Structure formats: structure tokens, C-alpha cells
Amino acid sequence: MTSACILGCSGLELTPEERALFRDARPWGFILFKRNVGDPDQVRALVQSFRDCVGRPDAPVLIDQEGGRVQRLGPPHWRRYPTGRAYGLAGGGDPMRRRELARLGGRLLAHDLKALGITVDCAPVLDTPQPGAHDVIGDRAYGQDWETVAELGRAVCEGLLAGGVLPVIKHAPGHGRAGADSHLDLPVVDAPFEDLKRSDFRPFQACSDMPMAMTAHVVYAALDDVRPATTSPHAIRLIREALGFDGLLMTDDLSMKALCGAFEDRARQALRAGCDVVLHCNGDMNEMRAVLKGCGELTGEALRRARAALHRIVRVVEPLDEAAARARFAEAFPETALESPRS
């Protein structure tokens with residue numbers, strides 16, 4: 001049995017209680033945060049311990065490694081990466097050059113993660129910012145128009161995939177218009193459906209062939225005036241049918257304050273709405289136990305999509321001359337060369 005969830009842990013190594021929980025529940029995957037990151041050897045050991053607990057060498061281990069302010073791995077052991085906005089402004093106005101740099105950034109991120117055994121990056125952000133929106137997306141976005149967001153988001157996906165790491169496009173069907181930070185409150189978007197269709201939804205439609213996507217804890221009144229996309233059958237149907245996404249659909253973190261109610265109910269509602277797996281990040285044991293009660297076993301179409309996603313991990317990664325690639329990248333983004341990582 002595999003539980004339809006992705007879970008985190010509390011520290012740099014698993015506690016006996018966490019090991020027992022993971023062995024019994026066998027979550028599909030795991031996620032790392034800064035509290036779980038020390039040096040490369042420690043991260044590799046923690047990643048291996050996750051997989052040992054569930055007895056699956058291919059159990060996915062995720063991390064949020066976008067660059068900019070959302071980067072769980074950083075100096076002194078790992079290099080800094082630019083914001084999404086920086087990619088959009090790079091290349092001296094040459095669209096092909098900025099696309100090349102975005103793909104190279106994804107390829108270098110994959111190189112870092114694969115060396116640690118991490119197989120999934122919760123990136124890229126495909127949200128298109130709108131005037132007056134909350135800055136929770138802000139400079140994480142690749143541009144101010146959906147075309148730039150889609151173009152550079154796809155390039156980052158391609159770089160990650162070439163390096164043996166699965167991308168997660170987020171936050172479907174679009175967080176860029178939200179007036180609140182869903183970590184802290186429930187955003188409600190009142191824009192007409194046609195406006196959303198012309199802009200917010202388009203990058204997700206353009207990248208619908210990617211292996212994984214993450215939902216937004218945002219109410220879109222034009223789709224469902226009560227429930228956020230994560231727990232709304234109407235929003236999930238739009239993601240699946242109108243936007244054409246048939247990959248593994250995971251929730252954003254269930255512990256975010258945009259959601260309310262018992263954790264068991266949050267998990268159950270998300271899965272009933274059409275999500276394939278739920279995500280719980282903070283490592284709180286009581287919350288994880290409740291989530292596990294609500295998520296049940298990964299079966300049926302969700303299991304098919306989970307297997308299909310993992311099959312997208314290439315067996316032989318694209319060749320990379322790391323020194324040359326780093327030098328080329330640093331020409332465009334000097335901040336990435338300021339601090340050399342420690343081995």
C-alpha cells in the first residue's frame with residue numbers, strides 16, 4: 001500500500017517516531033525544507049532514509065528550489081539562483097537568449113538536486129502577475145504577460161527534465177491575480193472567466209504536458225464561489241479538461257492558512273475534488289496522522305498518473321560541462337558566482 005500523500009519531517013534526520021509513521025503509512029513521497037538542510041552529506045543521508053522507510057528506491061523526494069527568495073538550498077554549500085523575473089529581463093532583449101538562460105538555469109538546478117538524490121523540484125511558477133495583486137508571487141514570476149511566463153516556464157521545465165529531475169508547474173490554474181498570500185489567508189479572485197481564460201490559465205495550458213502540477217489555494221468566483229481550487233471539483237475539472245493537464249496533480253501545502261477545518265477533512269476534500277495526492281509540509285506529527293486518515297491509498301487513475309510521472313525521469317541525463325555552464329550562467333547572473341559552494 002502507498003498513501004496518497006507527500007509528507008515532510010521535523011529536522012535534519014528522522015526521529016524514531018517519524019520512521020515508524022512512514023514505515024506504517026508509506027507515503028508516496030517526501031518534501032524537504034530549510035529546516036531539513038545542513039550539508040550535502042546530511043541531505044543525501046536524509047533522502048536515503050526516506051526511501052528506506054517506505055522500501056521504494058524511486059520514492060520521490062521534493063524541494064522548492066525556484067531561485068530568489070524561494071530557495072531551500074543555498075550558500076555556503078550551494079549557489080544562489082536568480083529570481084524568475086531576472087530570467088525575463090535577461091538576454092539583452094533577445095527572446096532566444098533569455099530562453100536559453102532559463103533552460104540552462106533549470107539544467108543547473110537539476111544538477112544540484114540529482115547529486116543529492118532529490119528527484120522533484122516544485123518549480124517553475126507559471127503564475128502571471130496582475131496589477132494590484134499581492135506580492136507573494138511578485139518577482140517569482142518570469143514576466144508580466146502570459147506569453148513570457150509560458151515560454152520561460154517551459155524552458156526551465158526542459159532543463160530540469162534533461163537533468164533527471166521532474167518539474168512541478170504551479171499554482172494551477174493561476175495565483176497571479178490573488179490579493180492575499182494563501183500562506184496566511186484565503187484569496188478570492190472575482191475576475192470574469194473570460195479574463196482568466198485570456199491570461200491566468202494560458203501558461204498552464206501551454207505546459208499541460210508536464211508530469212506534475214500543484215494547485216492554488218485560491219477561490220475563483222467564476223468557477224466556484226465557495227471552495228478554493230484545491231478542493232473544488234469545478235476548478236479541478238477545468239485543469240483536467242479545458243487546460244488539458246493529465247499529469248499528477250498535487251495540492252499546495254494543506255497546513256497553509258487559506259484552508260480551514262480538520263486536516264483529515266482537508267485531505268479528503270482535495271482528493272474527492274480530483275487531486276491525486278495531498279501535500280503536508282511542516283512535519284507536525286499530529287497533523288500528519290490526521291492527513292493520513294483522510295487521504296487513504298493511492299489507487300486507480302491517481303496511481304497511473306503517479307507512475308507515469310516517475311517514468312519521465314530520464315535514465316541518462318543530458319551531458320553537462322558544469323564549469324563551462326556555470327561560467328556562461330554567471331555572465332548573465334553575476335550574483336550566482338559570488339559565493340563558491342563548499343563540497
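The table below gives the values:
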| read-out | value |
| --- | --- |
| Residues (outside any loop (DSSP other than H, G, I, E, B) and surrounded by fewer than 24 Cβ atoms within 10 Å (Cβ to Cβ)) located in the range 123-145 | Gly138, Asp139, Arg140 |
| One residue from Leu89, Leu113 being on the phi < 0 side of the Ramachandran plot and without any contact (Cβ under 8 Å) to a residue 12 or more places away in the chain | Leu89 |
| Any hit, the range 178-186, residues being buried (at least 19 other Cβ atoms within 10 Å of the Cβ), of a type in the set (Ser, Thr, Tyr) and modelled with pLDDT under 95 | yes |
| Residue within the range 278-298 that is without any contact (Cβ under 8 Å) to a residue 12 or more places away in the chain and closer than 28 Å to Ala25 by Cα present | yes |
| Strands (runs of 3 or more DSSP E) lying entirely in the range 1-84 (those with 1 or more residues that are in contact with a His (Cβ under 6 Å, 6 or more places away or on another chain)) | 3-7 |
| Matching residues in the range 183-228 - criterion: being part of a helix (DSSP H, G or I), under 16 Å from the mean Cα position of the chain (by Cα) and not aromatic (Phe, Trp, Tyr) | Pro203 |
| Scope the range 1-27; condition of a type in the set (Val, Ile, Thr) and under 22 Å from the mean Cα position of the chain (by Cα); matching residues | Thr2, Ile6 |
| Residues located in the range 290-302, provided they are surrounded by fewer than 17 Cβ atoms within 10 Å (Cβ to Cβ) and on the phi < 0 side of the Ramachandran plot | Lys293, Glu297, Thr299, Glu301 |
| Count of the range 87-122 residues which are in a helix (DSSP H, G or I) and of a type outside the set (Lys, Arg) | 20 |
| Matching residues in the range 155-165 - criterion: being crowded, with 24+ Cβ neighbours inside 10 Å and either out of contact with any Lys or Arg (no Cβ under 7 Å at 6 or more places or on another chain) or under 17 Å from Met214 (Cβ atoms) (or both) | Val156, Cys157, Leu160, Val165 |
| Scan of the range 52-79 for residues that are among the basic types (Lys, Arg) and either in contact (Cβ under 8 Å) with a residue 60 or more places away in the chain or more than 15 Å from Cys9 (Cα to Cα) (or both), ordered by number | Arg56, Arg69, Arg79 |
| Residues of the range 9-44 that turn out to be among the aliphatic types (A, V, I, L, M), out of contact with any helix residue (DSSP H, G or I) (no Cβ under 8 Å at 6 or more places or on another chain) and more than 16 Å from Thr119 (Cβ to Cβ), as a count | 1 |
| Which numbered condition Asp94 fails, given (1) in contact (Cβ under 8 Å) with a residue 12 or more places away in the chain; (2) more than 25 Å from Pro211 (Cβ to Cβ) | (1) |
| Which listed residue, of Ala309, Ala290, is within 20 Å of Thr251 (Cα to Cα) and touching a Phe, Trp or Tyr at 6+ places or on another chain (Cβ under 7 Å) | Ala290 |
| Selection status of Leu259, in contact with a Lys or Arg (Cβ under 9 Å, 6 or more places away or on another chain), buried (at least 18 other Cβ atoms within 10 Å of the Cβ), assigned to a strand (DSSP E or B) and touching a residue at least 40 places away in the same chain (Cβ under 8 Å) | no |
| Members of the range 268-298 found to be outside any loop (DSSP other than H, G, I, E, B), within 18 Å of the chain's Cα centre (by Cα) and over 15 Å from Thr2 (Cα atoms), listed by number | Ala270, His280 |
| Residues within the range 301-326 that are out of contact with any helix residue (DSSP H, G or I) (no Cβ under 9 Å at 6 or more places or on another chain) and farther than 9 Å from Gly163 by Cα, tallied | 14 |
| Members of the range 86-99 found to be crowded, with 20+ Cβ neighbours inside 10 Å and closer than 19 Å to Gly176 by Cα, listed by number | Ala86, Tyr87, Gly88 |
| Test result for Gly84, over 23 Å from Arg305 (Cα atoms), among the small types (Gly, Ala, Ser) and modelled with pLDDT under 95 | no |
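The values are calculated or read from the model by the stated rules, or taken from the named source; none is laboratory data. All of these numbers come straight from a predicted model, not from anything done at the bench. We place every Cβ from the backbone using ideal geometry, glycine too, and count neighbours over all the protein chains shown.
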